[in-house]
Amino acid sequence: MATDRDRVLRAAAALLSRRSTATMGEVAAAAGIGRATLHRHFAGRDALVRALEDLGIRELDAALDRAALTEGPAAEAVRRLVAEIRGSAELLAFLYSENQLFEGDELNEGWTRLENRVEALFRRGQERGEFRIDLTPAWLCAGVLGLVVSCSWSVLDGRVAEKDFTHMVVELLLGGAQRRTGP
């Protein structure tokens, strides 16, 4: 019987999102396969993490597509963005904690592409007067992704209700990002 690689990756993501130090044996058990089968798909932890990175980038790209970042007011696009990213937030939280992905010269170009898309949303909001101009689009992008990751951890820890995820992230971000008028 063939092993569904994507199913194994999703099982690994679910486990590693909760326990980032899980062993390859624990990952195999979570996926319902043996260690040898896991190693046939992924030579080691590094290969598994790189495959999870590719999955995460694909999922985030799809979430950004669904969020229609170029449509309507930028603040509403941010709400859609956070709501669409929610399904991949745990995987994103795990990936953000994996320093090996962000060290050295081999940064996956997918991260840059994703960041450029989110930065363009914030730039559009600034150009239309919706967002503060004293915060760079790069910082606002880092902020929204950081809040998504932090809120994901808070949901996993039981400090934030799952149903409040989008509201918590968006309200904190936009409360600091929206341009203020008047004194």
(message) If I model a spin label as a point 7 Å beyond the Cα along the Cα-Cβ vector, how far apart are those points for residue 66 and residue 40 in nm?
(response) 3.2
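Given the peptides 43-50, 88-95, arrange them by the average over their residues of other C-beta atoms within 10 Å, most packed first.
Values: 43-50: 14.4, 88-95: 22.2.
Sorting 43-50, 88-95 by mean packing, highest first, produces 88-95, 43-50.
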(message) Once you order the gyration tensor axes a ≥ b ≥ c over the Cα atoms, which shape class does the range 1-43 get: rounded for a/c under 1.5, otherwise prolate or oblate by comparing a/b with b/c?
(response) prolate
(request) Have a look at 118, 173, 145 and report the one farthest towards the positive end of the charge dipole of the range 56-177, computed about the Cα centre with Cβ charges (Lys/Arg +1, Asp/Glu -1). (result) 173
(message) To the nearest 20 Debye, how big is the dipole of the range 56-177 about its Cα centre, given +1 on the beta carbon of each Lys and Arg and -1 on that of each Asp and Glu?
(response) 460
(request) Measure nothing fancy, just the Cα-based angle from helix 109-127's long axis to the longest principal axis of the chain, in degrees from 0 to 90, nearest 10. (result) 20
(message) Order 123-130, 80-87 from most to least packed using the mean count of other Cβ atoms within 10 Å.
(response) 80-87, 123-130
(message) Taking 0.36 nm per residue of sequence separation and subtracting the Cα-Cα distance, how much length would be gained by fully extending the chain between residue 127 and residue 154, in nm to one decimal?
(response) 6.4 nm
(message) Of the listed values (1) 17.3, 71; (2) 16.9, 54; (3) 18.0, 68, identify the label whose number matches Rg and Dmax of the Cα atoms in Å calculated from this model.
(response) (3)
(message) Is there a quick way to get the dipole size of the range 1-43? I mean about its Cα centre, with the Cβ of Lys and Arg at +1 and of Asp and Glu at -1; what is the value in debye to the nearest 20?
(response) 40
(message) Helix-only mean residue ellipticity at 222 nm, the chain, DSSP H runs n ≥ 4 weighted -39,500 (n - 2.57), per residue, nearest 500. What is it?
(response) -22000 deg cm²/dmol
(message) Checking the a/c ratio against 1.5 first, then a/b against b/c, what shape does the Cα gyration tensor give for the range 14-110?
(response) prolate
(request) Name the most mobile residue of 115, 171, 59, meaning the one with the largest mean-square fluctuation, in a Gaussian network model of the chain with Cα contacts below 10 Å. (result) 171
(message) Let me check against my output: what whole-number percent is the relative contact order of the chain, with C-alpha pairs under 8 Å and at least 6 apart?
(response) 20
(request) Give the angle, between 0 and 90 degrees and rounded to the nearest 10, that separates the Cα long axis of helix 74-85 from the longest principal axis of the Cα atoms of the chain. (result) 10
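Read-outs: derived from the displayed coordinates by stated rules, not from any lab. Source: prediction; values computed, not measured. FYI the Cβ positions are ideal-geometry reconstructions off the backbone, even for glycines, and counts take in every protein chain you see.
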